[in-house]
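A quick write-up on the structure given underneath.
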Amino acid sequence: YNDNNNNNGGNTNTPSGKKTLVVYFSKTNTTEKYALELKNLVDADIFEVQRKEEYPEDYSQTTQIAKEEKDNNARPELKEYMSKDDMSNYDTIFLGFPIWYGTVPMPILTFLEYYDLNGKTIYTFCTSGGSGISGSTSDVKKSSQGANVIEGIRIRNNDQLNDWISKLK
């Protein structure tokens, strides 16, 4: 578990007494910035999805690998996983990612398929220069068997993030 990002507290105000988790993947720290803000807005724990073999620093090399992973429907190994017992403590997950080739980066699907997400609610959010979030929703749903996946928004600024969360509450 990614304790350096604060694994204490969490939202215990849900009817089941379970907590909220923000899960995110971020190559350039753009998605991370919003995930950290979201963590504070919803009083959640946080977990960063990281590919075991990091993507190259070079943008074009990263995009080439990302395209190959998508084309091959790959599930790259992750650097670390939360324990399955820890995951069972959460009933609400905010899932953040950049849009790569019209969908989620493949490490997000690796993460989702590792856990039993049955009965959990997953709110998605993305960052992207131009693509919307809709193309990724079906992939998240397919990899989150039994979860209630709710398509969120493409976030471009903190005001937009705050508005979205206030509407959810």
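The values are calculated or read from the model by the stated rules, or taken from the named source; none is laboratory data. The model shown is predicted, which means the values in this text are computed figures rather than measured ones. Heads up, the Cβs are rebuilt from the backbone with ideal geometry, glycines too, and the neighbour counts pull from every protein chain shown. Only protein heavy atoms, including side chains, enter the accessible area calculation; ligands, DNA and RNA are left aside. Shrake-Rupley method; radii C 1.70, N 1.55, O 1.52, S 1.80 Å.
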Check your understanding: What nm distance separates the two modelled labels at Lys142 and Lys169, each placed 7 Å from Cα along Cα→Cβ?
Key -> 3.7 nm
Review point. If you take the beta carbon distance between Asn157 and Asn40 as r and set R0 to 22 Å, what does 1/(1 + (r/R0)^6) give as a FRET efficiency, to the nearest 0.05?
Key: 0.90
Review point. Can you list residues whose amide H is under 5 Å from Gln50's amide H, if they're 5+ apart or on another chain and H is modeled 1.01 Å from N?
Key: Lys79, Glu80
Exercise for review: Working from the alpha-carbon coordinates of segment 94-169, get Rg over Rh, Rh being the Kirkwood radius.
Suggested key: 0.96
Exercise for review: May I ask you to give the solvent-accessible area per residue for segment 41-169, in square angstrom, as obtained with a 1.4 angstrom probe?
Suggested key: 49 Å²
Practice item. Please identify, among Gly119, Gly102, Gly130, the residue showing maximal mean-square fluctuation in a Gaussian network model of the chain using a 10 angstrom Cα cutoff. Key: Gly130
Revision key, fill the gap. With Cα springs under 10 Å, the Gaussian network model of the chain assigns the largest mean-square fluctuation among Ser88, Ser60, Ser143 to Ser60
Point to revise | 25 Å Cα-Cα reach of Lys169 towards lysines, excluding residues that sit fewer than 8 places from it in its own chain | key: Lys18, Lys19, Lys33, Lys39, Lys120, Lys141
Exercise for review: Would you calculate the separation in nanometres between label points at Lys52 and Asn89, each defined as 7 Å from the Cα along the Cα-to-beta-carbon direction?
Suggested key: 2.6 nm
Exercise for review: Take the solvent-accessible surface of the protein heavy atoms, probe 1.4 Å, and return the percent of it on segment 37-142 that carbon and sulfur atoms account for.
Suggested key: 41 percent
Review point. How many percent of DSSP beta bridges within the chain run antiparallel, rounded to 5?
Key: 10 percent
Review point. What is the projected area of the convex hull of the Cα atoms of the chain, averaged over all directions, in nm²?
Key: 9.1 nm²
Review point. Taking the chain as a Gaussian network, Cα atoms linked when under 10 Å apart, which of Thr103, Thr63, Thr137 shows the biggest mean-square fluctuation?
Key: Thr63
**Study point:** Rg ratio (alpha-carbon, reference 2.2 N^0.38 Å) - segment 40-125
**Key:** 1.16
Exercise for review: Go ahead and run the numbers for FRET between Asn72 and Tyr114, Cβ-Cβ distance against an R0 of 22 Å, rounding to 0.05.
Suggested key: 0.75
